[in-house]
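Here's the structure, in structure tokens; my notes come after.
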Amino acid sequence: MGLTELKQRVAELANLGGALDLLHWDLETFMPKGGVEDRASQVALLGRIAHEWFVADEVGAWLVAAETEVRGLDPTSDDVRAVQVLRRDFDRERKVPTAWVAEFARTTSLAQHAWRDARAGAGFAHFRPHLERVLDARREYAGFFTPWKSVYDPLLDDFEPGTTTADVERVFAELRPPLVALVEAIRTRGRAVDAGFLDGDFDEVQQTEFGMDVLRRMGFDFDRGRQDRSAHPFTTAFSRNDVRITTRFDRACLSPALFGSMHEGGHALYEQGIAAEYARTALGRYASLGIHESQSRLWENVVGRSRQFWKRFYPELQRRFPTLASVPIDSFYRAINRVAPSLIRVEADEVTYNLHIMMRFDLELALLRGDLAVADLPTAWREASRAALGIAPPDDANGALQDIHWSGGAFAYFPTYTIGNLAAVQLFDAAAAAVPGIPADIERGEFGALLGWLRENVHRHGRKYEPGELLRRATGRPLEAAPYLRYLHTKYADVYGLG
Ligand code: ZN
């Protein structure tokens with residue numbers, strides 16, 4: 001008694017979660033805008049039911065019984081791990097009062113509206129009181145989990161279980177000076193890179209077909225997934241057998257669809273690859289946002305922006321887009337890897353991207369600690385941008401108002417992007433060390449060995465291991481900056497002709 005009931009409840013919750021995800025997916029893709037309010041109440045109801053089903057008193061009793069049942073089993077067995085994961089989730093959710101959850105949903109929903117208006121022209125002052133309320137709510141939330149060393153810890157732990165603020169600070173401190181030096185070397189000594197030919201007029205049917213071809217080659221299973229379009233690309237999994245990605249197509253520019261579908265395809269391969277026997281169990285989800293992002297970045301950047309990849313795919317791209325016929329592959333390769341400090345994070349290249357993240361990390365940490373007042377955020381942002389990137393935004397739409405995260409209460413989310421970038425390189429290096437033929441495979445458009453390694457070492461485990469443990473098992477090392485820095489130095493010395 002206990003474990004069986006627990007498993008049954010978790011399976012029901014997985015079904016409920018799939019239904020909720022479908023409502024969200026539809027909202028972002030095909031739903032007419034008139035449906036917004038009805039959909040919001042449908043989502044709120046299902047969300048509340050899911051929460052109540054999980055934090056119910058009987059679940060607590062089943063957990064206690066299940067913990068007794070699995071005592072003495074192999075500590076790395078699936079049942080033991082599943083019970084641990086559920087205990088962790090249960091305790092966390094029970095610590096947060098239902099009244100806080102309802103109030104937070106209301107606060108962030110208003111804040112997101114205000115953020116949209118502020119960014120569209122109403123200005124930062126319009127958003128300021130909302131951000132202050134969100135920040136207060138987040139501090140209150142952190143308070144439910146005391147004691148901690150940093151107010152940032154419990155928030156980060158929601159996205160990266162087992163990872164502390166000190167872990168992030170240590171890795172960022174290793175990363176920052178060499179990154180700044182590399183940007184400076186490229187600016188002062190790099191040969192010019194022309195990327196103008198990536199803009200023009202590119203037939204959308206051709207873009208779609210090329211993207212589908214690449215996704216199929218990567219191993220995306222179209223019998224267990226599909227691709228649609230949306231304004232903001234995302235991946236969602238109703239189950240491992242129905243994984244949907246969306247892509248943004250831009251007639252005037254090749255890059256969003258080209259790298260967007262590989263990025264989302266990387267997320268999707270992860271979801272499709274979680275072990276079938278974990279379906280509708282506590283382990284049948286991804287390990288963390290950072291690990292999820294490592295999969296998208298690995299395919300988008302480490303594979304998709306490599307010379308090897310384009311040896312196989314560039315002739316195909318040229319056939320579909322005749323304006324590229326006169327562009328040599330070397331010029332194309334350098335163009336898709338052009339480094340230029342920019343104001344907008346989502347448009348940043350591989351070298352400057354993490355500078356954007358570190359800057360946001362510093363600012364949100366200061367906001368949460370109370371070292372920085374919300375009113376002073378726009379100024380602090382401009383100063384941080386000038387210090388990190390050498391440029392400052394002319395307005396807040398290109399500065400403190402550019403990201404949606406804080407308006408939705410997602411503080412401590414940004415580091416997961418950099419964790420993903422670093423882990424992508426560590427995992428790729430480990431795969432290539434285990435299977436030396438992988439780089440040559442990529443030149444032939446063969447990804448079976450790479451995907452097989454990722455399936456075996458990352459995907460199939462779902463949530464069985466915390467991200468740090470997963471990475472250590474797969475690569476033998478904790479999260480580190482050095483492999484990523486080596487990767488950047490080698491690649492960009494070539495792209496920019498740095499001696
Ligand atoms: Zn992503």
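Residues that are away from the ligand (no atom under 11 Å from the Cβ) and either among the hydroxyl-bearing types (Ser, Thr, Tyr) or touching a helix residue (DSSP H, G or I) at 6+ places or on another chain (Cβ under 9 Å) (or both) within the range 245-255 comprise 246, 247, 248, 249, 250, 251, 253, 254, 255, listed in sequence order.
For every residue, the table says whether it meets (1) under 25 Å from the mean Cα position of the chain (by Cα); (2) modelled with pLDDT of 95 or more; (3) more than 28 Å from residue 348 (Cα to Cα).
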{"position": "100", "(1), (2), (3)": "no, no, yes"}
{"position": "112", "(1), (2), (3)": "yes, no, no"}
{"position": "124", "(1), (2), (3)": "no, yes, no"}
{"position": "137", "(1), (2), (3)": "yes, yes, yes"}
{"position": "164", "(1), (2), (3)": "yes, yes, no"}
{"position": "171", "(1), (2), (3)": "yes, yes, no"}
{"position": "179", "(1), (2), (3)": "yes, yes, no"}
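Per the listing 320, 334, the residue uniquely closer than 27 Å to residue 390 by Cβ, over 22 Å from the mean Cα position of the chain (by Cα), assigned by TED's automatic domain parsing to the domain that holds residue 217 and away from the ligand (no atom under 15 Å from the Cβ) is 334.
Name the residues in the range 193-226 that are part of a loop (DSSP other than H, G, I, E, B) and acidic (Asp, Glu), would you? Before you say what the answer is, go through the steps one by one.
Keep residues of the range 193-226 that are part of a loop (DSSP other than H, G, I, E, B), which gives 193-195, 200-203, 219-221.
Within the range 193-226, 194, 201, 203, 221 qualify.
Among the residues making up the range 321-361, those that are over 22 Å from residue 293 (Cα atoms) and surrounded by fewer than 17 Cβ atoms within 10 Å (Cβ to Cβ) are 322, 323, 325, 326, 328, 329, 330, 331, 340. Taken as a whole, the range 255-278 holds no residue that is surrounded by 16 or more Cβ atoms within 10 Å (Cβ to Cβ) and assigned to a strand (DSSP E or B).
Condition check: within 23 Å of the chain's Cα centre (by Cα), open to solvent by less than 10 Å² (accessible area, probe 1.4 Å) and of a type in the set (Asp, Glu). Does residue 364 satisfy that? Working first, answer last.
On the way: within 23 Å of the chain's Cα centre (by Cα): yes; open to solvent by less than 10 Å² (accessible area, probe 1.4 Å): yes; of a type in the set (Asp, Glu): yes.
When the stated conditions are applied, residue 364 passes them.
Give me the residue from the range 375-387 that is in contact (Cβ under 8 Å) with a residue 40 or more places away in the chain and open to solvent by 10 Å² or more (accessible area, probe 1.4 Å) and, out of that set, farthest from the ligand (Cβ to nearest atom). Outline the logic, then answer.
Here is the first cut: in the range 375-387, the residues in contact (Cβ under 8 Å) with a residue 40 or more places away in the chain are 375, 377-378, 385.
Next cut, open to solvent by 10 Å² or more (accessible area, probe 1.4 Å) only: 375, 378.
Details: 375: 32, 378: 27 Å.
Only one residue tops the list, namely 375.
Report whether or not residue 327 is closer than 13 Å to residue 424 by Cα and away from the ligand (no atom under 14 Å from the Cβ). So residue 327 does not fit the description; no.
The values are calculated or read from the model by the stated rules, or taken from the named source; none is laboratory data. The shown structure was predicted, so the numbers you read here are calculated from the model rather than taken from an experiment. Here Cβ is always computed from backbone atoms with ideal geometry, including for glycine, and neighbour counts include all displayed protein chains. These accessible areas exclude ligands, DNA and RNA; they are computed on the full protein's heavy atoms, side chains included. Shrake-Rupley method; radii C 1.70, N 1.55, O 1.52, S 1.80 Å.
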